[in-house]
Amino acid sequence: MSPDGSERGRSMFYLVTGGSAGGKSEYAEALAVRLAQEVGVGRLIYLAAMKPYGDEGQRRIARHRKLRAGKGFMTVESALCDTEILKEQLGGDCVVLLEDLMNLTANELYDRREAAQEAVFTRVMEYICHIRSAAAHLIAVTGDVFSDGIGYDEETGRYTELLGNINRSAAAQADRVWEVVCGIPIAVK
């Protein structure tokens, strides 16, 4: 077993969570690079789910591109659960970093104008399973919900409840879970 708890030769699913700007993306990227080197895979795939809304969205995307520059990631823009877009990129010789479940869930819920949360839940979880079955390793990044103690409007509450359910299910299926607090990864599972 390696220092991060992975087992050589076995496909693993890692979930990285934490608060906003807490260092979860940096940790997930470093983990992806380390896993790719460890198992000798040739490809690092950064599966980007964020849509650039406004100036802040553009700044966040630029920051993430700068963080992963020179690390060998191939970026695949996939704002929705679209397995067709991944057919050529996925294969057992890749490590996939899915950034992130918060954006993917919001896109599925609002872009598709899906009324049934169960349908979005199912699509996101099936997407995770699809990636997991086709890659050497999958690392998914997500964020804490309900930890801020703020009451939200009904629509935002609907989204956070859905994301909370997805996070719980993903954590249950993950081989390893880390919460990153102030840049420090804490093993949860």
Problem set entry | Single residue of the range 156-174 satisfying the filter (part of a helix (DSSP H, G or I) and among the small types (G, A, S)) that is nearest to Y46 (Cα to Cα) | A170
For this session: Please specify each residue of the range 34-80 satisfying the condition of being among the β-branched types (V, I, T) and under 15 Å from the mean Cα position of the chain (by Cα).
Result: I45, I61, T75, V76
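Among the residues of the range 153-176, which ones are free of Cβ contacts under 8 Å to residues at least 40 places away in the same chain and within 19 Å of K189 (Cα to Cα)? So that I can check it myself, show each step before the final result.
At the first step, the residues of the range 153-176 found to be free of Cβ contacts under 8 Å to residues at least 40 places away in the same chain are 153-157, 160, 164, 168, 172.
Selection gives G164, R168, A172.
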For this session: Pull up the range 14-64, narrow it to residues that are among the basic types (K, R) and without any contact (Cβ under 8 Å) to a residue 40 or more places away in the chain, then point me to the one that is nearest to C129 (Cα to Cα).
Result: R34
For this session: Output the strands (runs of 3 or more DSSP E) that fall wholly within the range 39-155 and possess 1 or more residues being hydroxyl-bearing (S, T, Y) and in contact with a Ser or Thr (Cβ under 7 Å, 6 or more places away or on another chain), or say none.
Result: 43-48
For this session: Looking only at the range 24-67, count how many residues are closer than 18 Å to T142 by Cβ, polar (S, T, N, Q) and at pLDDT below 80.
Result: 0
Exercise. Scanning for something without any contact (Cβ under 8 Å) to a residue 60 or more places away in the chain, of a type in the set (D, E) and under 25 Å from E77 (Cβ atoms), does the range 132-148 turn up at least one residue?
Worked result: no
Exercise. Does the range 11-18 include one or more residues that are modelled with pLDDT under 90 and either out of contact with any Lys or Arg (no Cβ under 8 Å at 6 or more places or on another chain) or surrounded by 11 or more Cβ atoms within 10 Å (Cβ to Cβ) (or both)?
Worked result: yes
Exercise. Can you name the residue in the range 68-127 that is among the charged types (D, E, K, R) and under 27 Å from Q37 (Cβ atoms) and, of all such residues, is modelled with the lowest pLDDT?
Worked result: R68
Seminar exercise, completed: Flagged pairs (Cβ under 6 angstrom, 6 or more apart or on separate chains; first in the range 76-90, small (G, A, S); second modelled with pLDDT of 80 or more and in a strand (DSSP E or B)) are S78/L47
Problem set entry | Count - residues of the range 97-118 that are touching an Asp or Glu at 6+ places or on another chain (Cβ under 8 Å) and closer than 23 Å to R65 by Cβ | 1
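The values are calculated or read from the model by the stated rules, or taken from the named source; none is laboratory data. No experiment lies behind these values; they were computed from the predicted model shown. Please note: Cβ atoms are built from the backbone with ideal geometry, for glycine as well, and neighbour counts cover all protein chains shown.
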